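Asks: The structure's right below; bear with me while I get my questions together.
The values are calculated or read from the model by the stated rules, or taken from the named source; none is laboratory data. Predicted model, so just to flag it, every value in this text is computed and none were measured. As a convention, Cβ positions derive from the backbone with ideal geometry for all residues, glycine included, and neighbour counts pool all protein chains shown.
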Amino acid sequence: MNLWQTIQVAWEGIAINKVRSFLTMLGIIIGVAAVIIMMGVSAGTEATIADQIAGLGSNLIMVSRGFGGGEHGGRGFETEGLNYEDALAIGEHVSGINGVVAEQIASSQIVRVDSATIETDVIGAMPDFPEVRGVELADGRFFSQQDLDRKAKVAVLGYSTAQELFGDADPIGQSITAGSVRLTVVGVMDEKGLVGQTDYDQRVYVPLTVAFDRFSFSRRFGDRVMTIYVQAESQDTIESAITQIDALLRRRHDLTAMDEADFTIYTQEDIIETQEATTAAFRSLLAWVAGVSLLVGGIGIMNIMLVSVTERTREIGIRQAVGAAPSDIRLQFLVEALVLSLVGGLIGVAVGVGGSWLFGQTSDMRTVVVLNSILLAFGSAAGVGIFFGFYPANRASQLDPIEALRHE
Amino acid sequence: MNEHLIEVQDLTKVYGMGAAAVHALDGVNLTIHEGEFVAIMGPSGSGKSTLMNILGCLDRPTEGQYWLGGEDVSKLNKAQLAGIRNRQIGFVFQSYNLLPRSTAIKNVMLPLLYGRRERRSASERETLARQALEAVGLGDRTDHRPNEMSGGEQQRVAIARALVNEPLLIMADEPTGNLDTSSSQEIVDILCELHERGRTIVMITHEPGLGAQSQRIVNLLDGRVVDGEEG
């Protein structure tokens, strides 16, 4: 019997018990679909995070106070940490960089104009902000170093903030009141949208020095800042810039090379690596879940194949009597198990791809269907079919023809 | 030995071990010529089913030799025996043993699917099966399933299946045991006709009337041939 005939016979065997065959496949279907959907969600999440990290700017070096990422670090604001002067020194002494921005969330403020009042974050920033952080200016100008030196009471509005306060009117040159401080609007940023949890459009930027002096939240900390963003000229200068920044800050903070630093330097790459470590753990968890569900599906197949062999003992006897060798019988039942698992796998792929799409459409999560996950899931289903189909098939092949023919 | 289609010497089949051992066959000698129509008869427990199983290559003897068409088949393994059954033996069982969900023609084609020596195309298989069904007078019922046919018709399908591979030997095990008188006669007539056309037929039966229609009767008792050993 050739393979095609064997497949036909196997298919007939499956088609006889449609409901039972479908229920048997269900384990594989769920397993395969689960793998594809979960891997889709995980890949989607990774892609989203990668976008967000890229959205921070390009070739960024981040310097935070304390350990493990600045504001959430163990020592946080309690340490001396970084200050405005550090940022200026980096700008002055470190080579191979495009710009430096120290940022400080000044405070959340009621911002008023004649016609509207909103509450929004006031951010103290430095002149290089648009370039370093990759946010374009839509209108007017960003503040200059002169503005910082003079502590000029100027403001640049985020895109949404400008819309909410001024609507279609031109905000440039208008006055706003943030808390108790009157500021003149000199520019409006372009749309940037959400990066992580931060909405860049819902902000008011003021010169960092003004933030230090006039806004309550940041005033408590003198001229200290949470994070200094440094943009390297290119990928190649990142390494040397980091070395220079480290040496410079150690000198300024009276630390030797042996001392524990009171700042942390990291790059987008570091964030991605950390992220990848997390997703790798997540992915291995998924692999386990998938493995277990495929295992359960495989046991279901083995179970139903054993039932099938018993039920069809007489058929096996008839086939043996007309000349089927043990290998023919084994192949027939093995192919039957394989067809069950492969059809289950195919349906599972369809459900998984459809499910991923639906999931992406109906939830905030982004899903990406990964070809690898389809191949992996489908291949595993095939492997499960062969592995769990072998024992019943072998049992069928070992039946004694006389006994089998006598079987009722 | 080549002049005999079947040559059996000192055939012994023992079931069980030690004190509980049962000698189903106890030194059977038998020769059957090509073209003979032989009935093996005997009361139940005489060992005729065991002999039939061994002659049909469904089972192996405990001791003794069995030459089928000049080939010693008593020491072959399961796969080799399957090949012999496929090429050289056609079975007709008391309970027909058709695949219940397959049509008559698919049932008849079954032995052709397991042929190892010659590969036949799907259309060849269908032609051969159709011819075999026509030979038993069922040319118009090829697409009927067993449950749509009478017992006699089902047994004729089984005969067509036994014939389709042009075997050396047709083994019929109580072929009329489940049939009424008129259907029985139909089947016997077909077997006689096949014999006239030169087929070798070995039939097992306990009905003297049926046995009488064969050429030679081999009588078995307690695992021994008591009559009709030589043709």
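Asks: Do you know which of the residues in the range B:17-73 that are polar (S, T, N, Q) and touching a Leu at 6+ places or on another chain (Cβ under 7 Å) is farthest from the other protein chains (Cβ to nearest Cβ)?
Replies: B:SER46
Asks: Identify the single condition in (1) modelled with pLDDT under 90; (2) surrounded by fewer than 19 Cβ atoms within 10 Å (Cβ to Cβ); (3) part of a helix (DSSP H, G or I) that A:GLY13 does not satisfy, given that it satisfies every other one.
Replies: (2)
Asks: Then there's this: With a cut-off of at least 1 residues that are at pLDDT below 90, name the strands (runs of 3 or more DSSP E) lying wholly within the range A:134-185.
Replies: Once the strands (runs of 3 or more DSSP E) in the range A:134-185 are filtered for at least 1 residues that are at pLDDT below 90, what remains is A:137-140, A:175-178.
Asks: OK, next. Just to be sure before I move on: is B:LEU99 under 18 Å from A:LEU399 (Cβ atoms), surrounded by 18 or more Cβ atoms within 10 Å (Cβ to Cβ) and modelled with pLDDT under 95 in the structure I sent?
Replies: It is true that B:LEU99 is under 18 Å from A:LEU399 (Cβ atoms), surrounded by 18 or more Cβ atoms within 10 Å (Cβ to Cβ) and modelled with pLDDT under 95.
Asks: Further question: Among the strands (runs of 3 or more DSSP E) confined wholly to the range B:1-96, which include 3 or more residues that are buried (at least 21 other Cβ atoms within 10 Å of the Cβ)?
Replies: Fully inside the range B:1-96 and qualifying: B:4-15, B:22-33, B:37-41, B:89-92.
Asks: Something else now. Just to be sure I understand the filter: pairs with C-beta atoms under 7 Å, separated by 6 or more residues or on different chains, first member in the range B:56-68 and within 12 Å of B:VAL28 (Cβ to Cβ), second member among the polar types (S, T, N, Q) and in a loop (DSSP other than H, G, I, E, B). Which pairs pass?
Replies: Listed pairs, sorted by first residue: B:PRO61/B:SER74; B:GLY64/B:SER74; B:GLN65/B:SER74; B:TYR66/B:SER74.
Asks: One residue is enough: does the range A:301-308 have a residue meeting the conditions within 14 Å of another protein chain (Cβ to nearest Cβ) and either among the small types (Gly, Ala, Ser) or more than 30 Å from A:LEU56 (Cβ to Cβ) (or both)?
Replies: Checked against the condition, which is being within 14 Å of another protein chain (Cβ to nearest Cβ) and either among the small types (Gly, Ala, Ser) or more than 30 Å from A:LEU56 (Cβ to Cβ) (or both), the range A:301-308 yields at least one hit.
Asks: Among the candidates B:GLU118, B:GLU124, B:GLU134, single out the residue that is assigned to a loop (DSSP other than H, G, I, E, B) and without any contact (Cβ under 8 Å) to a residue 24 or more places away in the chain.
Replies: B:GLU118
Asks: Of all residues in the range B:147-168, count the ones that are under 20 Å from the mean Cα position of the chain (by Cα) and not in a loop (DSSP other than H, G, I, E, B).
Replies: 13
Asks: Something else about it: Of the residues that sit in the range A:319-352 and are more than 9 Å from chain B (Cβ to nearest Cβ) and free of Cβ contacts under 8 Å to residues at least 40 places away in the same chain, which one is nearest to the chain's Cα centre (by Cα)?
Replies: Top of the filtered list is A:ALA350.
Asks: Could you tell me which of the residues B:ALA24, B:ALA39 is touching a helix residue (DSSP H, G or I) at 6+ places or on another chain (Cβ under 7 Å), small (Gly, Ala, Ser), over 22 Å from B:LEU191 (Cβ atoms) and in contact (Cβ under 8 Å) with a residue 12 or more places away in the chain? Break it down into steps so the answer makes sense when it comes.
Replies: Working: B:ALA39 fails: over 22 Å from B:LEU191 (Cβ atoms).
Testing whether each residue is touching a helix residue (DSSP H, G or I) at 6+ places or on another chain (Cβ under 7 Å), small (Gly, Ala, Ser), over 22 Å from B:LEU191 (Cβ atoms) and in contact (Cβ under 8 Å) with a residue 12 or more places away in the chain leaves just B:ALA24.
Asks: May I pose another question? Those residues that are over 21 Å from A:ALA54 (Cβ atoms) and buried (at least 19 other Cβ atoms within 10 Å of the Cβ), I need them from the range A:226-243; list them, please.
Replies: Of all residues in the range A:226-243, those over 21 Å from A:ALA54 (Cβ atoms) come to A:226, A:240, A:243.
If the condition is that a residue be over 21 Å from A:ALA54 (Cβ atoms) and buried (at least 19 other Cβ atoms within 10 Å of the Cβ), then A:MET226 is the only one that fits.
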